[in-house]
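Only the coordinates and a few stated rules stand behind these numbers; no lab work does. The model shown is predicted, which means the values in this text are computed figures rather than measured ones. Backbone-built Cβ (ideal geometry, glycine too); neighbour counts: all protein chains shown.
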Amino acid sequence: MTTVDRPTPPVRTHKAERTWVGKSIRRVEDPRFLRGRGGYVADLVLPGMLHAAVLRSPHPHARIVSIDTSRAEAAPGVHAVVTGAQAAELTDPLPDFGPNPAAHTWRCLAVDKVRYVGEGVAVVVADDRYLAEDALELIDVEYEPLPPVVDPLAALADDAPLVHEPLGSNCAYDRTFEFGDVAGDFERADVVVTDQLRWHRSGGQPLETVGAVAEHDPATGGFRVHTNSLSFTSYLFMVATALKIPANRLDIVPMPAGGSFGSKLFVTKPLVIAAMCARLTGRPVRYLEDRVDNMANCDHHGSDRHYDVRMALTRDGKITAIDIDTVDDYGAYIQFGVGHHGNALAQVVGPYTIGSVRYRVRAVLTNKNQQGAYRGFGSEVNNWMLEQMVDKAARELGMDPVEIRRRNFIRSFPHFIPTGNVYDSGDYDAVLDKTLELGRYEHWREVQEQARAEGRYIGIGLITAQERSVFSATEFWFWFDEPGAPVTSMPESVTLKVDATGAITATLYSCAFWGNSPETMVAQLVAEEFDCDPHDVSVVYQSSKNGLPATGPGGSRTTVMLAGAVEGASAKIKEKARRAAAHLLEADPDDLEWRDGGFEVRGVPEKRKTLSEIAIMLHLFKHSFDEDVESGLEESKVFDHPYTTMPSADRKDLGVFYPFMGHACHLPVVEVDVETGVVTFLDYAAVHDCGTLVNPRSLAGHIQGGTAQGIGTALYEEFVYGPDGQLQTTSYLDYPIPTSLEVPELKIGHVETPSPWTPHGIKGGGEGGRMMAPAAINAAVNDALAPLGVRITELPLTPDRIRAALRAAGHGS
Amino acid sequence: MSTREITLTVNGRRTTLSVEPRKLLVDVLREDLGLVGTHIGCEHGVCGTCTVLRDGRSIRSCTTFAVQADGADIRTVEGLAQGPELHPLQEAFWEKQGLQCGYCTPGMLMRCVEILERDPDPTPQSVREQIASNLCRCTGYATITEAVCAAAEVMRSGARAGTEVAS
């Protein structure tokens, strides 16, 4: 029997009256972006800067027999040509959180063989990008093609060609976890629903690619690198290792990202390539991926899963157990390990009181670009799988999709799910009620019935699903019995400075800006603490060298973590200011209260000092105070993950690792043209609960924008690899991203159930609509096609797939 | 490589440049003229991130050679704000949150300038149809449509919207 210690943090009391937190305000970041002055990595020009371009493999799997760079080296404007073998001398392997990095070694350029179409084999550094690309064409590479490993199921066969010979298998990870009495629950079940599902790979595809500008200092051997990928800030020592320098010789300067959606999470390859080339040439070097690099070689394709699932239920629709077997096609490398499945296990039972879970995951390596992060990080796939199963069960039991969900909702919090993770709070009925009303569920059911009578196929999708937020890094290592590690704190830090005039500057220590709004959010939180206008707060980003501990965005953690850091730093500032004010007012510090931007003697409002009055004294007239008071008014807070616990030794309980649980209900209404397979939206309602809202319109932006991406995932976007291993979708003509004509305007609603354990009760919500939309749209299409006996379990639902399913069911030719 | 002399009028300012015939207009704007507000997205003419106006019509500057624009009047995002005062479209994008990461924004703004110059009073549906030329990966477009309609109203009334807030 597994015993698990489940301490919970103290429950917070949240302030009832708030001035700025919860108010929709214009973002403080926007004026510079609106003027085209965003300061992206491509905009940075340094004196003497050279440009790098990478030669990509045309083969999915081939031995590199020889590379002749002599013609390229002699080309005009070329300063250096580096092959993969040379790069392996100049750099060490890239940081890798995978199961067995020594056996699936990942480098900035391929060394002796290429493992996917697009993998880099050489880099040219030249005076400009045109000349660098000219020279790429003069590099002669002789390849010996090898049979490609494309299908992940075939890759598991004993006689399959190996992507990494030292691994001895294409299966990088295989383990089955059991949480609760799965066998017993299935034995006792009245009904067992089974299915196979298939989620194909897509990706974030931000309109700005990833890049870096590197400067090398030969005097110290160190680097200063400007890049638009700087997350996992506390892990940058690993990047220094790849460059073979001490960590204190690396300074990484964060630059705003023109979108990420996860795909700029800890991207080290462009940074290492640029730095390597800067050291070699003695000049600053820019390496910025072009679009084909980003589509074929970005290390951040999304999940690519096959599922075999069984669900156990009672006759009246109560779900008791779920048994999930998934094969995930990771591509040629596995940088983030199977952390994607940690994300799934954080909320594997959705909002339902499912009592036991079996979860088998096999991570398979194939000749494709590797998986990284895409908004949801694998939990959005679990949402889709689970909601598909719930809908199938409802259909088999003759229940309404609303009814089966209500029958299974968790209603008591905090709730520990079978995997050990906790759901802090929620009100799933309230979210569902609001969605049904906003989305006019009954109305659309009537319309649907009339339409069916006219031979039209309207479908209503209804899903209720989770959005976990604020990960703990245990989910990257609890897969293994050894090495064990303590829980990781995953901190985030803020420094607040009140200058001599009383103006406030906040300094942040991780990724600059990803299209989210850290500056607005921090400005609002600071304004809430100090009763100022958020637009008067200045927010700056520190480079890594002088940085405090930080982790960076990912897993919807930024708002909660920065809120904790702002709260902590503000408390320290206020404590110093209180003592100073007490001294100036000749009052007892305990008699002072903070009110409207200053400290005053309780009950004596005329005896007061504003923050500005206190600040100027502390900055310029320190000798007015006691000996132990130092000049200035600046404080920092390193805020650690507020609630994470150890997994049990036998891994039958994974501990608390993703505790702040958001929830949403999506209700799209679609019409499917059965002649063409085209899906159009008639309506779309979405209600999210991410705890206390900070800037409601920012969250609405994540819901609308995330849903647009989810529409891409559900209907259009797929990185298609042919049976020959060629990537067939290397442009936006072949990889269609939704335009304004494909995205409906959502009816958005909010419910707020505060977290008991975070500042103000905030939960993360940045992954927004993409957590829900693929599941919801698939449900809507299946609902539309139900009268034809068609149910599709494969995304994206392209017109081809819809037509094929209709033909298979005997409808049309 | 040989170069050719071209003349461009960019945001009202006439410039003569010597460029390689193969150099793309977007690279000339960004590198030769330092106007880095025009961004590069897909590099094959689909996403519209690099949109600028040539003689009042939107073009993809990533698939246009600079020599093809010889003699043309070019407008970019840098020409929109007048000193501290934002253009009504920029104001409306800010007010309605018609941007998140800001990367598609300059191209989207220039496309919207063209839309409103052709039709000062477009319906939301017409805006939706016309901005389908430009991809935005962040917003889901709804707030952009709203912003364009709001800006149109302000521009029709001849008023300049709002006041500048320090950036």
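Cβ crowding within 10 Å ranks A:Tyr684, B:Tyr103 as A:Tyr684, B:Tyr103, fewest other Cβ atoms first. The trypsin sites (Lys or Arg not before Pro) of the range A:571-629 meeting both criteria, a DSSP state outside H, G, I, E and B (loop) and at most 14 other C-beta atoms within 10 angstrom of the site's C-beta, are A:Arg602. Above 18 Å, the calculated P(r) of the range B:4-79 contains 28 percent of its Cα-Cα pairs. Dividing the mean sequence gap of close Cα pairs (under 8 Å, 6+ apart) by how many residues the range A:620-693 holds gives a relative contact order of 20 percent. Of the residues A:Trp444, A:Val470, A:Ala523, the one whose Cα sits farthest towards the positive end of the charge dipole of the range A:436-547 is A:Trp444 (charges of +1 on Lys and Arg Cβ, -1 on Asp and Glu Cβ, taken about the Cα centre).
3J(HN,Hα) along the range A:311-324, derived from phi through the Karplus expression 6.51 cos²θ - 1.76 cosθ + 1.60 where θ = phi - 60°, amounts to 10, 9, 9, 7, 4, 8, x, 8, 7, 10, 7, 9, 10, 10 Hz, with x in place of Gly and Pro.
With respect to the cross-link table entries A:Lys574/A:Lys622; A:Lys244/A:Lys637; A:Lys23/A:Lys576; A:Lys607/A:Lys637; A:Lys545/A:Lys622, which display a Cα-Cα separation exceeding 24 Å? Table pairs above 24 Å Cα-Cα are A:Lys244/A:Lys637; A:Lys23/A:Lys576; A:Lys607/A:Lys637; A:Lys545/A:Lys622.
Three principal axis extents describe the C-alpha atoms of the protein assembly as shown; from largest down they are 82, 77, 63 Å. DSSP finds beta bridges in the protein assembly as shown, and of those with both partners inside it, around 80 percent are antiparallel. Couplings 3J(HN,Hα) of the range A:685-701, computed from phi: 10, 9, 10, 10, 10, 10, x, 5, 7, 9, 10, x, 6, 5, 5, 4, x Hz, in residue order, whole Hz [Karplus 6.51 cos²θ - 1.76 cosθ + 1.60, θ = phi - 60°; x for Gly and Pro]. Residues in the range A:256-268 carry Karplus couplings, in order, of x, 9, x, x, 9, 6, x, 6, 10, 6, 6, 7, 9 Hz; the curve used is 6.51 cos²θ - 1.76 cosθ + 1.60 with θ = phi - 60°, and Gly or Pro positions show x. Within chain A, what's the longest stretch lacking GluC sites (Glu not before Pro) that sit in DSSP loops with no more than 14 other Cβ atoms inside 10 Å? Formally, the longest exposed-site-free interval is A:138-453. Our estimate of slack between A:Glu142 and A:Arg395, defined as 0.36 nm per intervening residue step minus the Cα-Cα distance, is 85.4 nm. In percent, rounded to a whole number, the relative contact order of the range A:107-191 is 13, using alpha-carbon pairs under 8 Å and six or more apart. For trypsin sites (Lys or Arg not before Pro), the sites in the range A:309-389 that DSSP calls loop and that have at most 11 other Cβ atoms within 10 Å are A:Arg315.
What is chain A's relative contact order, in percent, from Cα pairs under 8 angstrom and six or more apart in sequence? Display every interim value, and only then the final one.
Details: 2024 pairs, mean separation 133.8, N = 813.
Relative contact order comes out at 16 percent.
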